[in-house]
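Trainee: Questions regarding the structure given below will be posed in turn.
The values are calculated or read from the model by the stated rules, or taken from the named source; none is laboratory data. Small disclaimer: the values here were computed from a predicted structure and weren't measured. Cβ: placed from backbone, ideal geometry, glycine included. Neighbour counts: every protein chain shown. In case anyone asks, the SASA skips ligands and DNA or RNA and just uses the protein heavy atoms, side chains included. Shrake-Rupley method; radii C 1.70, N 1.55, O 1.52, S 1.80 Å.
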Amino acid sequence: MYINFWYPAALSEELKDEPIRARILGQNFVVFRDSKGQAHTLSDTCPHRGGALSAGVIRDDCIQCPYHGWRYDGEGYCRRIPSLGKDAKIPKRARVDAYPTQEQNGIVFTFLGDLEEKKRPPIMPIKELEDPESWRANWITYEADINFERSIENGLDAAHNEFVHPTHGHEGADEDYQVNYLDFVDNMFGEKKWGFGFWHAFKSPASTKEGPQIKEASDERMAGSGIVGPNQMWTYIVFNENSEFRQYMFECPVEQDHVKIFLVNMRKMMLDENMDQAIADRCMAIAKQDIAILEKLNPVLTPASNTKEFLVPADEPCIRYRKLLDGWKKKGWKINSKKVDANNGKKAYAIPSPGRNKQKGWVLDKIPLS
């Protein structure tokens, strides 16, 4: 798991008048709105006596700790310590980590790290949301007991559809099956250094369904997939110029072995809102096919070395993804989960926030990094 990236914390529609606890990167956070509707994200641990801020209430645009009533604003500054009296001067160390928070694509994202703004990676935009006459959206969230890297690699795997998804392939019965040429492209949603993408042609059974928007006489399809950072992925499936799915996945590593996925599924067909549930059900049926395989992978985590798996040319997207992860590890952005787990229950940590670049003497230690 890595710091210095944007992570989904909640759907925008979920964040209302009460604070929400979000579990990300093995740590707890509190997400809340102020009176102007602005979303904020703070470390969930009150530095006074360890109270969970997410169990508190919102008072005067601050989150109030349920234990002793300390109040913290959206920037993490303590604004009130009741035991000191109404007009008491608040010590500077009475502060919690506050993280840049941005709403985009109907999702509340938080930047968990201390990079300055101009050096941060992008959040994938979903331009189709700006064209409701041509595209219809479904927002779907689901969780699974899998490592998020394994989930991302599954989305970058052009070879698994034939065997995992009967609706996509020939159920493993096509004797002429092979993975066609992978045409790699620069990242389509930000600077190249944050990711990559690829396109490939594939075959699937020709559809027998006909209608004003769908008529498939050929089994030839085009698909593309790619990543932005370690946890954002896009997948396009093109049937024809009038029929297309574009999926945007924002993955939240809850723990090393548990992930919550925020999926925005865009469709250029069947635009009637009455089709929303059927499309959502189809997306979940496909997701469950993946989950059934991924929850049984051994080992749970991706191997530390590619030599511990026998890789073939179709695995090139996974290899490129692992090289990017290795680069971010060398920058010191990977969380040392073993050390964190060893101190579980004994010590509270915080993901370093941008505020730590300007102020010293924080109460909670920065989470151990590799």
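Trainee: Which ones in the stretch 6-26 are crowded, with 20+ Cβ neighbours inside 10 Å and outside any loop (DSSP other than H, G, I, E, B)?
Mentor: 6, 7, 8, 9, 10, 22, 24
Trainee: So which of 161, 138, 105, 187 is surrounded by 15 or more Cβ atoms within 10 Å (Cβ to Cβ) and in contact with a Cys (Cβ under 9 Å, 6 or more places away or on another chain)?
Mentor: 138
Trainee: Sticking with this structure for a sec: Which of the residues spanning the stretch 74-88 are open to solvent by 10 Å² or more (accessible area, probe 1.4 Å) and either at pLDDT below 95 or β-branched (Val, Ile, Thr) (or both)?
Mentor: 85, 86, 87, 88
Trainee: Sticking with this one: Answer with yes or no whether residue 340 is surrounded by 12 or more Cβ atoms within 10 Å (Cβ to Cβ) and either part of a loop (DSSP other than H, G, I, E, B) or of a type in the set (Phe, Trp, Tyr) (or both). If you could, list the steps in order and put the result at the bottom.
Mentor: Working: surrounded by 12 or more Cβ atoms within 10 Å (Cβ to Cβ): yes; either part of a loop (DSSP other than H, G, I, E, B) or of a type in the set (Phe, Trp, Tyr) (or both): no.
The answer is no for residue 340.
Trainee: Which of (1) polar (S, T, N, Q); (2) open to solvent by 10 Å² or more (accessible area, probe 1.4 Å); (3) in contact with a strand residue (DSSP E or B) (Cβ under 8 Å, 6 or more places away or on another chain) is the odd one out, the single condition residue 35 does not satisfy?
Mentor: (3)
Trainee: Kindly check whether there is at least one residue in the stretch 115-135 that is surrounded by 13 or more Cβ atoms within 10 Å (Cβ to Cβ), part of a strand (DSSP E or B) and touching a residue at least 12 places away in the same chain (Cβ under 8 Å).
Mentor: For the stretch 115-135, residues surrounded by 13 or more Cβ atoms within 10 Å (Cβ to Cβ), part of a strand (DSSP E or B) and touching a residue at least 12 places away in the same chain (Cβ under 8 Å): absent.
Every residue, every condition in (1) small (Gly, Ala, Ser); (2) touching a residue at least 24 places away in the same chain (Cβ under 8 Å); (3) out of contact with any strand residue (DSSP E or B) (no Cβ under 8 Å at 6 or more places or on another chain), yes or no:
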| residue | (1), (2), (3) |
| --- | --- |
| 41 | no, yes, no |
| 47 | no, yes, no |
| 65 | no, no, no |
| 68 | no, no, yes |
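Trainee: Can I ask one more? Kindly list, by first and then second residue, each pair from a residue in the stretch 303-323 that is on the phi < 0 side of the Ramachandran plot and of a type in the set (Val, Ile, Thr) to a residue that is assigned to a helix (DSSP H, G or I) and open to solvent by 30 Å² or more (accessible area, probe 1.4 Å), limited to pairs with Cβ atoms under 7 Å and residues at least 6 apart or on different chains.
Mentor: Matching pairs, first to second residue: 319/306.
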